[in-house]
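To start, the structure under review is shown below, and the notes come after it.
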Amino acid sequence: MKHVLILDANQRSALAVTRSLGQHTVPILTADSTITALAGRSRYALNYFQYPEPSIFPEQFINFISKIIVEYNIHVIFPVTELTTTLLLENQDKLHNIVLPFPALDTITAISNKSLLMRTAESLNIPIPRTWHEDNTKNSRLSLDDKPYPLVLKPSMSWLKQDGKWLHTLVQFADTPQMAQHILNEDPAFSTHPFMLQKCVLGHGQGIFALYNKGEAVAFFSHRRIREKPYWGGVSVLSESTDINPELLAYSRTLLDAVKWHGIAMVEFKVSDDGAAYLMEINTRFWGSLQLAIDAGVDFPWLLYQISLNHSVEPVTNYKTGVRLRWALGDLDGLYIRLKDKKLTMGQKIKAILHFLIPAPFKTRHEVNRWQDMRPFWYELKQYIKALIK
């Protein structure tokens, strides 16, 4: 029997992939760098493996994956983070002709490299924030006094290879030239690697989620964030499926068509207070609220699996709007952050409590705690309590 291996099993997106394929009776194996993991507790996971931490031991990670591909007759691998995807594509010659549902690595780099993406977007007349490109701080005479503040300091790549290991980079914000200079001096990601300075766009984020098959669009999806953790901007804890913004869809199609995209992608925009949209980045991995798209009728993992096997798939032209997805423990965390915030009034805090306690029950589904597959939630709750005790 051939199996599908799902990596990064602690991610909620990995749990969504596991449940999606498992409900279609696909034999699923899961893996991550921890002793056990969220998706590994699902009823649909036949087995779970602990692999070496990819960011610290990339070579050992690849050797481990190569070994279990043979031992467990794996024919498709679904990584759900950027780092594991990159490592697999870089070492594809060691993976026994495994199917990876992605385009070539240089195609991924063309859009995951934020500096390259901004230049491509400009050439396609897609609006971007005002941007300054720099090679690194060592080889550039950078003027910070004439930049607009707040200023965004953004490494070109989310992960950087250094001394045989991989370092995760951070997007940072500066309110003054002095703060910007301090960040550039202290963060090694800026000293030897390309980065951008961008004018900060005030507004709300909006994403277009896409699936392509060898340059042809198969499906698009969109949602809005109702609550985030932290509340001023972060991971979505309550979201709702919505109609797709035609302007953002057109921009997304233009970009993905231009690179002849294959697989899944999340195109992120910031919509300013005056309604103008600006491209932020493209993520070439499954997103955190993937389960919402599946619940609304766009089963991205199953469609991608079919494409990986060279099966024909019909384009998805509609889905249910108004479907809500709630990450319960994330929402609880978000409420705690609000209640601790001294800047909020008592009235605002009471309103937050009521919104938390009285969700829209007939259109809200829970992301992790699902009656037909509760073990991931008990695992998550146990980890949550352990973290509180510490």
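The values are calculated or read from the model by the stated rules, or taken from the named source; none is laboratory data. In this text the structure is predicted, and so the values were computed from the model without any measurement. Note that each Cβ is placed from the backbone with ideal geometry, even for glycine, and that neighbours are counted across all protein chains shown.
Taking strands (runs of 3 or more DSSP E) that do not extend beyond segment 1-62, which have at least 2 residues that are more than 22 Å from the chain's Cα centre (by Cα) and surrounded by fewer than 16 Cβ atoms within 10 Å (Cβ to Cβ)? Spell out the reasoning first.
Values: elements: 3-6, 28-32, 45-50.
Passing ranges, in order: 45-50.
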Where a residue in segment 171-187 is crowded, with 17+ Cβ neighbours inside 10 Å and its partner, wherever it lies, is assigned to a helix (DSSP H, G or I) and not small (Gly, Ala, Ser), with Cβ under 7 Å and at least six apart: GLN172/ILE183; ALA174/ILE183; LEU184/PHE190
Of the criteria (1) small (Gly, Ala, Ser); (2) more than 25 Å from ALA265 (Cα to Cα); (3) in contact (Cβ under 8 Å) with a residue 24 or more places away in the chain, which one ALA121 fails: (2)
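Can you tell me which residue among VAL70, VAL99 is of a type outside the set (Lys, Arg), within 23 Å of PHE300 (Cα to Cα) and in contact (Cβ under 8 Å) with a residue 24 or more places away in the chain? Before the answer, list the steps.
Numbers: VAL70 fails: within 23 Å of PHE300 (Cα to Cα).
Result of the check over VAL70, VAL99: VAL99.
Does THR84 count as outside the structural domain of LEU309 (by TED's automatic domain parsing), in a loop (DSSP other than H, G, I, E, B) and either among the β-branched types (Val, Ile, Thr) or touching a Gly at 6+ places or on another chain (Cβ under 7 Å) (or both)?
On the way: outside the structural domain of LEU309 (by TED's automatic domain parsing): yes; in a loop (DSSP other than H, G, I, E, B): no; either among the β-branched types (Val, Ile, Thr) or touching a Gly at 6+ places or on another chain (Cβ under 7 Å) (or both): yes.
No; evaluated as a whole, the condition is false for this residue.
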Residue pairs meeting the criteria (Cβ under 8 Å; at least 6 apart or on separate chains; first closer than 14 Å to THR284 by Cα, in segment 83-95; second of a type in the set (Ser, Thr, Tyr)): LEU83/SER55; THR85/THR284
Test: TYR72 is farther than 18 Å from SER13 by Cβ and hydroxyl-bearing (Ser, Thr, Tyr): yes
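Inside segment 160-242, counting only strands (runs of 3 or more DSSP E) that do not spill past its ends, which hold 2 or more residues that are over 30 Å from ASN318 (Cα atoms)? Give the derivation first.
On the way: elements: 165-168, 172-174, 195-199, 203-213, 216-221, 223-229, 235-241.
Hits in segment 160-242: 165-168, 172-174, 195-199.
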Tally, over segment 116-135, of residues that are at pLDDT 95 or above and of a type in the set (Asp, Glu): 1
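Could you count how many residues in segment 243-262 are outside any loop (DSSP other than H, G, I, E, B) and surrounded by fewer than 16 Cβ atoms within 10 Å (Cβ to Cβ)? Lay out the reasoning, then the answer.
Filtering segment 243-262 down to residues outside any loop (DSSP other than H, G, I, E, B) leaves 246-258.
Subset that is surrounded by fewer than 16 Cβ atoms within 10 Å (Cβ to Cβ): 246-247, 250, 254, 257.
Total meeting the criteria: 5.
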Any chance ALA39 is touching a residue at least 24 places away in the same chain (Cβ under 8 Å) and within 15 Å of PRO301 (Cα to Cα): yes
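Assess whether ILE307 counts as being more than 23 Å from the chain's Cα centre (by Cα) and among the hydrophobic types (A, V, I, L, M, F, W, C).
Working: more than 23 Å from the chain's Cα centre (by Cα): no; among the hydrophobic types (A, V, I, L, M, F, W, C): yes.
So ILE307 does not fit the description; no.
Has segment 332-348 got any residue that is in the same structural domain as PRO230 (by TED's automatic domain parsing), of a type in the set (A, V, I, L, M, F, W, C) and closer than 28 Å to ALA210 by Cα?
No, segment 332-348 contains no residue that is in the same structural domain as PRO230 (by TED's automatic domain parsing), of a type in the set (A, V, I, L, M, F, W, C) and closer than 28 Å to ALA210 by Cα.
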Some residue of segment 323-332 being β-branched (Val, Ile, Thr) and either within 30 Å of PHE220 (Cβ to Cβ) or assigned to a loop (DSSP other than H, G, I, E, B) (or both): yes
Any hit, segment 341-363, residues being in contact (Cβ under 8 Å) with a residue 12 or more places away in the chain, under 22 Å from THR36 (Cβ atoms), touching a strand residue (DSSP E or B) at 6+ places or on another chain (Cβ under 6 Å) and of a type in the set (D, E, K, R): no
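Report yes if PRO194 is touching a residue at least 60 places away in the same chain (Cβ under 8 Å), surrounded by fewer than 20 Cβ atoms within 10 Å (Cβ to Cβ) and not assigned by TED's automatic domain parsing to the domain that holds ARG326, otherwise no. Break it down into steps so the answer makes sense when it comes.
Details: touching a residue at least 60 places away in the same chain (Cβ under 8 Å): yes; surrounded by fewer than 20 Cβ atoms within 10 Å (Cβ to Cβ): yes; not assigned by TED's automatic domain parsing to the domain that holds ARG326: yes.
Judged against the criteria, PRO194 is a match.
Can you tell me how many residues in segment 349-385 are modelled with pLDDT of 90 or more and in a helix (DSSP H, G or I)? Let's see the steps before the verdict.
First pass over segment 349-385, keeping only residues modelled with pLDDT of 90 or more: 365-385.
Subset that is in a helix (DSSP H, G or I): 375-385.
Total meeting the criteria: 11.
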